[in-house]
Amino acid sequence: MKFCPECKNAFNEDIEKCPNCKEILVDKLDEHQDIEFVELCDIEDPFKANLIIDVLEDNNIESYLYSEPVHIYPIPGEGIQFTVYVNKEKIDHAKSLLEDIERSENMEPLPDDEST
């Protein structure tokens, strides 16, 4: 895998520039040189994938996002599989945070206060 030094996302070896940031990809990120990463989850929703990355970063868990097309000819905005990788030493904390995110998505919205 190669990484974007700007957005920290991971890409296939055959990609030279980040499609988002237009930065030249590198083999390793300096801040992740000595970290072993493991897979946390797969997800197809890019907004949720970025939410997970933000929550992990807010909790000082080193992570990165890898994406690849699910289909040979993907439709723009569809058919992309995202995989979240985290520091192996912090996987239990990351799983706990992921469970919190999943729980919060299943909560019922609060009723509107019609008294105002």
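Coordinate-derived values only; no laboratory data. Treat the numbers as computed from the prediction; the structure is a model and nothing was measured. Heads up, the Cβs are rebuilt from the backbone with ideal geometry, glycines too, and the neighbour counts pull from every protein chain shown.
General observations
- Relative contact order computed over the stretch 2-94 (Cα-Cα under 8 Å; 6+ residues apart), in percent: 30
- Here's how it looks for Gln81: its modeled amide H is under 5 Å from those of Glu68, Val70, which are all 5 or more places away or on a different chain.
- Taken one residue at a time, the phi angles of the stretch 8-15 give Karplus couplings (6.51, -1.76, 1.60, θ = phi - 60°) of 6, 6, 9, 9, 4, 4, 7, 8 Hz. Gly and Pro are set to x.
- Gain in span if fully extended, Gln33 to Lys95, counting 0.36 nm per residue against the direct Cα distance: 20.0 nm
- Think of the stretch 2-94 as a dipole: +1 on every Lys or Arg Cβ, -1 on every Asp or Glu Cβ, centred on the Cα centre; then among Ile15, Leu56, Asn87, Ile15 lies furthest on the positive end.
- From phi via Karplus (6.51, -1.76, 1.60), per-residue ³J(HN,Hα) for the stretch 87-97 in Hz, x at Gly/Pro: 4, 4, 5, 10, 5, 5, 5, 5, 5, 4, 5
- Under Karplus coefficients 6.51, -1.76 and 1.60, residue-wise ³J(HN,Hα) of the stretch 46-62 in Hz, glycine/proline x: x, 5, 5, 4, 6, 4, 4, 4, 4, 5, 4, 4, 4, 9, 6, 10, 5
- 5 angstrom amide H check on Phe37, placed H, neighbours 5+ away: Lys88
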